[in-house]
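Q: Before we start, here is the structure in question, set down as structure tokens.
Please treat every number below as a calculation from the coordinates, not as lab data. All of these numbers come straight from a predicted model, not from anything done at the bench. We place every Cβ from the backbone using ideal geometry, glycine too, and count neighbours over all the protein chains shown.
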Amino acid sequence: MPNAFNFSASPFDCLTPDEQRRVRGSVDVAYYPQGATILDVGSQPSRLWIIIKGFVTQLEGDEVIATLGPDDTFDGRSLVAGKASHRFVATEEVVAYELARSTVMALIADNATFGALLFSELSDKLSALTQRQSQHELQSLTLSRVDEAFVRPAQVVDANADVLSVVQVLQKHRTTHVLVRDGSQQQERMGIFTSSNLQHAILSGEPLNQQTVGRWANFSLITVRPSDPMGEALALLMRHRVHHLVVANDDHVLGVLESLDVFSFLSNHSHLIGVQIESAEDVQGLALASSQITRMVNTLYRSGMRVGLIARLVQDLNASLFARAWQLIAPPDLVDNSCLFVMGSEGRGEQLLKTDQDNGLILRDGYTAPADLEAICQRFSQALQSFGYPECPGHIMINNPMWRKTAHDFGHMVQHWLLGAEPEGLMNLAIFIDAHAVCGDAQLLEQTQQALQRLAVDNDAMLARFASSIDAFGSSQGWWNRLLGLETDHGVNLKKEGIFPLVHGVRSLAWAERLAPTSTVGRLEALVARSVLSAEMAADLTQSLHFLMGLKLKAGLDEMALQKPVSGNVQIQLLSALERDLLKDALSVVKKFKTLLRSRFKLDAL
């Protein structure tokens, strides 16, 4: 066999040197003319094909399932099963390696990763990908700087202040400690007073307003510099058995680092950011917390956390961020008599990097809104923009009166979207169905959504028009060409080619079944419970969605690292062989799902 066999292509890139020699010793080269059937349905394959030159079409009946090109392998599944379930035809002249079945089976027996990548389901392939992630992408959090963590602002009191007034400071600033400045000595000193010291003051039996805070403060401070590694901060906490470190540059105190903050940072950052959001007293404080979210996403993704879990953490943090911003900007009576909600990927809990604002506000019927409601909503939208969430091009935000209405008027507008045939209305409807309450009275949103479901589910024509948006971005096969290197444009837009049709298709099925979940995974689980989808199809769709989200996230993080705008496109030439293989698998799953949807909603009759 020629030495040109490409062992860098999946699944052969996981073979050991001995296994590679075994391949070289048992492979042949074959030629197939254009139009030749290389493998037919029902036949018993005796070899595995690895394309050297040309293209092969995989067919199920008359439907094209996939197009395979150089370095692609087929058909591992039928080789193991003993019978082919698809037909493979040479689209043009094909030159291919043929690897004997006995060698393939021996490799599968000796190398579990090779077997998983060759013929397993998408979920197994993704597990293999996770196991093989490059170690250079794993971030060592212990080497991160102290100032990358949440350094709490320092509240400083005089040593002569009474304990009762200090308790009021603790309550006002939602903190468990203050720094104590004592100027009575020849050289001014700084100490710390915590909730533990407060316990001692209470147990002394003396009135708190007659005790000075300096009496109970600890003046043996342990300090770190903002540039010190987090590992050093952790070592200091353990060595001195303390719970607070003062962060200072020489004599200039920057704040306090708590032990909980250190442990949270070294685990997943999310608790850390949540505390920062909760303790923020103004929009500027929230902006600081918001700036940590993308850094957290980058850290968690590079360290191998599952995309679905990262998305859930981001949804929780964003909900807290938006709720706190609304509470800081809107008067309490407006907060109590309205429901602030988010939509789109944010509503479904599938947003990873910051994207356009998609939010709305439902006001309680009969409530008299503040005269400056428009200005309040404008300040909220501007605050989110300052956090890094750009304005929505379609202006789907609460500073747009269309997305800021009473419950009655909102229900009337949604009903108009439902009964009308305008594409824009149906798209608004799709966005609204994913709505998720983040602040205020959530029942205002739930009642509107329930009324909408009752109106929609018996209207087959409307459901068909709604589901037809799976082809909103076209049904071109261009992505196959880009995957195969035949096109060199700006790459593949994963949202248009895979994520949107998958998400909207699941949304359409869930709506037709009156299902309550708003997340795609939650809807898939409910659809399986209703026997609308098989467990296998739902698993493939879940894995495909998370893989596409992860690939899109990786591309976006790489663009951000190069200080480029996040395009949403993935450059095929930058993908590894395994990623390219998995991308074809995921997009094939989406294509198969779209065929099911066309049949279910009779889209060809529209």
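Q: Placing one identical point scatterer on every Cα of region 314-456 and ignoring solvent, what is log10 I(q)/I(0) from the Debye formula at q = 0.18, 0.19, 0.20 Å⁻¹?
A: -1.03, -1.15, -1.28
Q: Only bridges with both residues in the chain count here: give the DSSP antiparallel percent, nearest 5.
A: Among the beta bridges of the chain, antiparallel pairing accounts for roughly 85 percent.
Q: Let me ask something additional. For region 12-119, what is the Kirkwood hydrodynamic radius in Å, using each pair of distinct C-alpha atoms?
A: Here the Kirkwood hydrodynamic radius works out to 14.0 Å.
Q: Between Arg215 and Gln171, what is the FRET efficiency for a Förster distance of 22 Å, r being their Cβ-Cβ separation, to the nearest 0.05?
A: Once rounded, the FRET efficiency stands at 0.60.
Q: Per residue of region 530-545, in order, report the coupling 6.51 cos²θ - 1.76 cosθ + 1.60 (Karplus, θ = phi - 60°) as ³J(HN,Hα) in whole Hz, putting x for Gly and Pro.
A: 8, 6, 7, 10, 6, 4, 5, 5, 4, 5, 5, 5, 4, 5, 5, 4
Q: A follow-up question, please. Taking the dipole about the Cα centre of region 467-605, with the C-beta of Lys and Arg at +1 and of Asp and Glu at -1, give me whichever of Leu587, Ser508, Gly522 is farthest to the positive side.
A: Ser508
Q: Given points 7 Å out from each Cα along the Cα-Cβ axis, report the Val41 to Glu92 separation in nanometres with one decimal.
A: Result for the modelled spin labels: 2.8 nm.
Q: Find the all-direction average of the projected area of the Cα convex hull for region 467-605, expressing the result in square nanometres with one decimal place.
A: Computing the convex hull of the Cα atoms and averaging its projections yields 8.8 nm².
Q: Now for a separate question. Under 5 Å between amide hydrogens, which residues at least 5 positions from Gln155 or on another chain qualify, with H placed 1.01 Å from N in the peptide plane?
A: Leu179
Q: Same structure again: Sort largest first and round to whole Å: the equivalent ellipsoid semi-axes of region 142-279, each the square root of five times a Cα gyration tensor eigenvalue.
A: Semi-axes from the Cα gyration tensor: 27, 17, 13 Å.
Q: Okay, next question. If you place +1 on the Cβ of every Lys and Arg, -1 on the Cβ of every Asp and Glu, and leave all else neutral, what size is the dipole of region 142-279 about its Cα centre, to the nearest 20 Debye?
A: That gives a dipole near 200 debye.
Q: Within straight cross-link reach of Lys495, meaning Cα distance under 15 Å, which aspartates and glutamates are found once same-chain residues fewer than 8 apart are removed?
A: Glu346, Glu350, Asp356, Asp471
Q: For the pair Ala30/Gln187, report the inter-label distance in nm, with labels modelled 7 Å from Cα in the Cβ direction.
A: 8.5
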